[in-house]
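Below is one structure, written out as structure tokens; the observations come after it.
Read the figures in this text as sums done on the coordinates, not as results from a lab. From a predicted model like this one, the values you see are computed outputs, not experimental measurements. Note: ideal-geometry Cβ built from the backbone for every residue, glycine included; neighbour counts use all protein chains shown.
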Number of protein chains: 2
Amino acid sequence: MRNLRLTIAYDGTDFAGWQVQPGRLTIQGALASAIGRLTKENVLPQGSGRTDAGVHALAQVATFVTASPMPEGNWLRALNDILPAAIRITEVAEVPMEFHARKAAKAKTYRYRILRSPICPPLLARYVWHYPYPLEENSMEAAAHFVEGEHDFTSFAAVDPERVSRQAATPSIGGNHGSNVRTIFSSAWSWEEGEFIYTVRGNGFLHHMVRNLVGTFLLIGKGTLRSNDLPRIVDARVRASAGPTVPASGLYLVGVEY
Amino acid sequence: MRNLRLTIAYDGTDFAGWQVQPGRLTIQGALASAIGRLTKENVLPQGSGRTDAGVHALAQVATFVTASPMPEGNWLRALNDILPAAIRITEVAEVPMEFHARKAAKAKTYRYRILRSPICPPLLARYVWHYPYPLEENSMEAAAHFVEGEHDFTSFAAVDPERVSRQAATPSIGGNHGSNVRTIFSSAWSWEEGEFIYTVRGNGFLHHMVRNLVGTFLLIGKGTLRSNDLPRIVDARVRASAGPTVPASGLYLVGVEY
């Protein structure tokens with residue numbers, strides 16, 4: 001048996017997220033089905049973590065165990081021939097059997113793209129969140145740095161029935177499962193071609209955490225909150241203290257570090 | 001009554017082309033429906049020409065006549081509020097009643113994007129044609145210039161039942177309806193970020209003409225034909241002498257000049 005690691009890019013728009021669900025089109029389900037067609041094996045690739053419906057990935061990582069002797073280079077082409085164009089395998093590598101895409105992750109980077117131009121070009125509509133209204137971007141930039149370091153991010157975690165199981169799916173590297181403490185290595189806004197982009201790198205993320213952070217920065221940009229309100233919002237450890245969840249279309253899993 | 005000119009960008013992927021068709025999602029149909037919601041008038045905007053299913057536009061032009069006194073600036077916002085994100089109005093201008101988007105067109109520019117990288121990123125899959133195989137791009141560049149000037153483009157016109165009516169929809173400026181003679185002002189290939197892009201500007205285009213030209217240049221790139229075969233293919237005035245029709249996903253109506 002061999003353990004193969006896939007690096008995967010996807011346009012999440014038309015998928016019900018990463019995790020396999022009966023009767024729904026999901027990234028994990030499409031991968032399992034493509035691998036099954038090649039090997040006749042019934043395997044479910046294990047990702048570095050879930051992404052929600054509509055969220056994109058530039059380099060998600062997943063592993064699966066197979067008895068197939070097919071060379072790594074052939075896997076790439078064979079999977080891409082079967083998969084829909086919205087999912088592309090960009091790398092296949094054989095890794096030690098004990099390597100686990102989620103447990104071995106040291107850091108993940110997410111990006112959130114906000115298009116600031118008055119009109120959203122149709123070719124970008126699926127790939128950004130369009131917000132053309134006034135924002136104090138300087139305040140948002142200042143606020144972003146307040147979440148760097150180790151914090152309990154309960155205020156930014158989705159309150160939903162899936163919460164406990166979701167958290168287990170994206171634990172911090174320290175292995176404190178069930179805890180909402182995560183370490184953010186960097187958190188910053190930048191400009192790129194008319195887009196205001198939030199990039200955050202950390203050792204783990206709670207369900208909806210990036211979209212809830214962006215929603216909170218947005219309230220700061222609108223002047224509803226001030227950037228130095230952020231420490232208080234973090235300390236409150238109450239979801240209601242933070243801002244709303246922004247749409248999935250702007251969010252990208254940029255990469256996973258091991 | 002007023003004559004309003006719309007400039008329209010669209011992602012054609014999920015549409016059955018420009019022209020309204022019962023029970024199908026079309027650009028013209030979506031525009032008519034949006035205008036109808038605002039004015040309660042039953043109008044069909046007249047485009048500069050049709051685009052086929054899956055073809056995109058950066059700046060299609062269409063006009064419609066309305067009794068509505070709504071200012072131009074409000075039209076833009078009101079239409080974009082109603083239209084799907086895949087269609088955006090980028091400009092609204094009141095024009096003389098006699099202005100006609102098709103008849104007044106002096107030139108149109110189309111672009112065809114071929115992605116040459118080994119893997120097509122999911123975020124580009126809807127917006128290019130992915131062709132990663134070897135091509136003699138220099139021969140294709142040389143061939144492109146052979147179609148500049150006034151020619152009978154019958155070899156590059158779709159042979160289909162709609163042909164006669166289609167041609168009437170995109171005549172040359174000279175008004176030679178029913179003729180397959182068109183003037184190409186410029187025809188060239190260029191490179192942009194890993195894409196090999198064909199840009200053609202002319203006084204009118206036959207049905208499938210740009211995609212059939214690209215398909216013919218492709219045979220030259222593959223070495224099946226030589227660039228100096230092109231005059232012979234044009235002279236043949238037989239569809240079978242030219243190359244195949246390449247996929248719609250790479251084609252853009254870039255703009256219309258008046």
ask   = Just how large is the dipole of chain B about the Cα centre, in debye to the nearest 20, putting +1 at every Lys and Arg Cβ and -1 at every Asp and Glu Cβ?
value = 480
ask   = Dipole size in debye (nearest 20) for the protein assembly as shown around its Cα centre, Lys and Arg Cβ +1, Asp and Glu Cβ -1?
value = 860
query = Does the protein assembly as shown come out rounded, prolate or oblate, given a ≥ b ≥ c as the square roots of the eigenvalues of its C-alpha gyration tensor, rounded meaning a/c under 1.5 and, failing that, prolate meaning a/b above b/c?
reply = oblate
request  = Straight distance only, please: which aspartates and glutamates reach the Cα of residue A:40 with their own Cα at less than 20 Å, same-chain residues fewer than 8 apart left out?
outcome  = A:72, A:81, A:94
request  = Excluding residues fewer than 8 places away in the same chain, name every one of the lysines whose C-alpha is closer than 25 Å to that of residue B:108.
outcome  = none
message = Cut-off 10 angstrom, C-alpha nodes, Gaussian network model of chain A. Which of A:88, A:239, A:24 fluctuates the most?
response = A:24
inquiry  = Give me the net charge for the shell around residue A:205: Cβ to Cβ below 9 angstrom, other residues only, Lys and Arg +1, Asp and Glu -1.
reply    = +2
13 Å reach of a label modelled at residue A:222, 7 Å along Cα-to-Cβ, counting backbone N of region A:131-150 = A:131-136
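What relative contact order, as a whole-number percentage, does chain A give when Cα pairs under 8 Å and 6 or more residues apart are counted?
25
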query = Based on DSSP H runs of at least 4 residues, each adding -39500 (n - 2.57), what is the mean residue ellipticity at 222 nm of the protein assembly as shown after dividing by all its residues, to the nearest 500 deg cm²/dmol?
reply = -7000 deg cm²/dmol
query = Computed FRET efficiency, Cβ-Cβ of residue A:65 and residue A:85, R0 35 Å: what is it to the nearest 0.05?
reply = 0.85
ask   = In terms of Cα to Cα distance under 12 Å, which aspartates and glutamates are near enough to residue A:222, apart from those fewer than 8 places away along the same chain?
value = A:136, A:137
message = Going 7 Å from the Cα of residue A:77 along its beta-carbon direction, which residues of region A:1-31 have the amide nitrogen within less than 20 Å of the resulting point?
response = A:5-9
ask   = Summing Lys, Arg as +1 and Asp, Glu as -1, what charge do residues with Cβ under 13 Å from the Cβ of residue A:96 carry, residue A:96 excluded?
value = +1
note = The simple spin-label model distance between residue B:137 and residue B:39, using points 7 Å out along Cα→Cβ, in nm, is 4.6
request  = Would you mind getting me the FRET efficiency between residue A:93 and residue B:258? Use the beta-carbon distance for r and R0 = 51 Å, nearest 0.05.
outcome  = 0.40
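Label region A:1-65 by shape, choosing from rounded, prolate and oblate, from the square roots a ≥ b ≥ c of the eigenvalues of the Cα gyration tensor; if a/c is under 1.5 it is rounded, and otherwise prolate applies when a/b is larger than b/c, oblate when it is not.
Values: a/c = 2.20, a/b = 1.40, b/c = 1.57.
Oblate is the answer for region A:1-65, as a/c is 1.5 or above yet b/c matches or exceeds a/b.
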inquiry  = Please state the shape class of chain A: rounded when a/c is under 1.5, otherwise prolate if a/b exceeds b/c and oblate if not, all from the C-alpha gyration tensor.
reply    = prolate
query = Say we join alpha carbon atoms closer than 10 Å with springs in a Gaussian network model of chain A; which of A:56, A:207, A:151 then has the biggest fluctuation?
reply = A:151
inquiry  = Taking the Cα centroid of region A:192-258 and of region A:57-78, what is the distance between the two, rounded to the nearest whole Å?
reply    = 33
ask   = If you plug each phi of region B:244-255 into the Karplus form 6.51 cos²θ - 1.76 cosθ + 1.60 with θ = phi - 60°, what whole-Hz ³J(HN,Hα) values come out, in order, with x for Gly and Pro?
value = x, 7, 7, x, 5, 4, x, 9, 10, 7, 7, x
Calculated from backbone phi, Karplus (6.51, -1.76, 1.60) coupling profile of region B:13-20 in Hz, x at Gly/Pro = 3, 9, 10, 8, x, 6, 5, 4
key: Most fluctuating residue given options A:121, A:22, A:247, as computed from a GNM of chain A linking Cα atoms under 10 Å   = A:22
